[in-house]
1. Find all pairs meeting these conditions: Cβ atoms under 9 angstrom apart; at least six residues apart or on different chains; first residue within segment 181-193 and at pLDDT 85 or above; second residue assigned to a loop (DSSP other than H, G, I, E, B) and open to solvent by 40 Å² or more (accessible area, probe 1.4 Å).
2. Output the residues belonging to segment 117-131 that are under 17 Å from T30 (Cα atoms) and assigned to a helix (DSSP H, G or I).
3. Hey, which of the strands (runs of 3 or more DSSP E) in segment 7-116, taking only ones fully inside, have at least 3 residues that are touching a strand residue (DSSP E or B) at 6+ places or on another chain (Cβ under 7 Å) and open to solvent by less than 10 Å² (accessible area, probe 1.4 Å)?
4. Would you tally the residues in segment 117-140 being farther than 21 Å from S181 by Cα and open to solvent by 50 Å² or more (accessible area, probe 1.4 Å)?
5. Return a yes/no flag: does segment 166-173 have any residue that is buried (at least 22 other Cβ atoms within 10 Å of the Cβ), under 20 Å from A138 (Cα atoms) and either at pLDDT below 95 or under 16 Å from the mean Cα position of the chain (by Cα) (or both).
6. Going through G209, G176 one at a time, which residue ends up being under 18 Å from the mean Cα position of the chain (by Cα) and farther than 30 Å from L106 by Cβ?
7. Does V134 meet the test of being touching a residue at least 12 places away in the same chain (Cβ under 8 Å), among the β-branched types (V, I, T), closer than 30 Å to L81 by Cβ and part of a strand (DSSP E or B)?
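The values are calculated or read from the model by the stated rules, or taken from the named source; none is laboratory data. No experiment lies behind these values; they were computed from the predicted model shown. Because the Cβ atoms are built from the backbone with ideal geometry, glycine has one as well, and the counts that use them run over all protein chains shown. Remember, those area values only see protein heavy atoms, side chains included, never the ligands or the DNA or RNA. Shrake-Rupley method; radii C 1.70, N 1.55, O 1.52, S 1.80 Å.
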Amino acid sequence: MTATLGTTRQVVHVMGMPVSLALRGRHAATAAGERAWLEAVATLRDVDRVFSTYRADSHVSRLDRGEIGLSECPPDVAEVLAIGELARVQSGGAFDVRRPDASGRLVLDPSGVVKGWAVERAARSLVRLEDTDVCLSAGGDMVCHVADPARDPWLVGIEDPHDPSRVVARVPVRQGAVATSGAAHRGAHIVDARTGVAATGVAQVTVVGPDLTWADVDATAAYALGAGALAWLSTRPGRTGLVVWDDGRCETFGRAG
């Protein structure tokens, strides 16, 4: 653990992505802070064992192959699939936890729900730390918590998808989550589930909301909607954020500026 200007930082690779932590305040460099971090990492590793689509022995992989039923999975699987179904309905089918593979078979892939849901769950051990500010980030999506309202918020930079060396906005967050979906780092991996085709017109979507589960789902669904991203996001209560279009234009929704 290293400390800079009262902030300690940690990083680990889990669930196929870098997960980083910044702590400020009373437990930034204490044994209690270290235990909370290790508990958070253990939570993410447990989630990976259950939900990874890259592990043949995960519950989700076995469920997809028909080797087990939903009742034989941990209750978390039913919870995640229920969130995915609600997101499918609310997005008009653009978001779905089932996708066709190369042969046309529907494959179970709840990754669009799992990342935000898992990081939000992992953050619980950290936000319980007394008088300690937390910023837990996984692949660019993050949970932010500031224990003392008199302290500065976390300032989250939103990367320009057309030029990663610059940011298009800086968002102050005291309590809540920030999620970004786009093709800048992973290519065109997000598709409109209704067509199976990657979205066009939109370069990146950032959603700021009260919890990371739905901020992440909404960012993914909006990106999948392509040209309809901003109109759909404007109907989502309690969300703010930014859409970057393919032509470089930036448009905000909600109260974000």
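1. A193/D96
2. S125, L126, V127 - these are the residues of segment 117-131 that are under 17 Å from T30 (Cα atoms) and assigned to a helix (DSSP H, G or I).
3. On the way: elements: 7-14, 17-25, 98-100, 106-108.
Strands (runs of 3 or more DSSP E) meeting the threshold: 17-25.
4. First pass over segment 117-140, keeping only residues farther than 21 Å from S181 by Cα: 124-134.
Still in the running and open to solvent by 50 Å² or more (accessible area, probe 1.4 Å): 124, 127-128, 130-131.
Adding up the residues that qualify gives 5.
5. Within segment 166-173, the subset buried (at least 22 other Cβ atoms within 10 Å of the Cβ) is none.
No, because not a single residue in segment 166-173 is buried (at least 22 other Cβ atoms within 10 Å of the Cβ), under 20 Å from A138 (Cα atoms) and either at pLDDT below 95 or under 16 Å from the mean Cα position of the chain (by Cα) (or both).
6. Details: G209 fails: farther than 30 Å from L106 by Cβ.
After applying the criteria, what remains is G176.
7. Numbers: touching a residue at least 12 places away in the same chain (Cβ under 8 Å): yes; among the β-branched types (V, I, T): yes; closer than 30 Å to L81 by Cβ: yes; part of a strand (DSSP E or B): yes.
Answer is yes for this residue.
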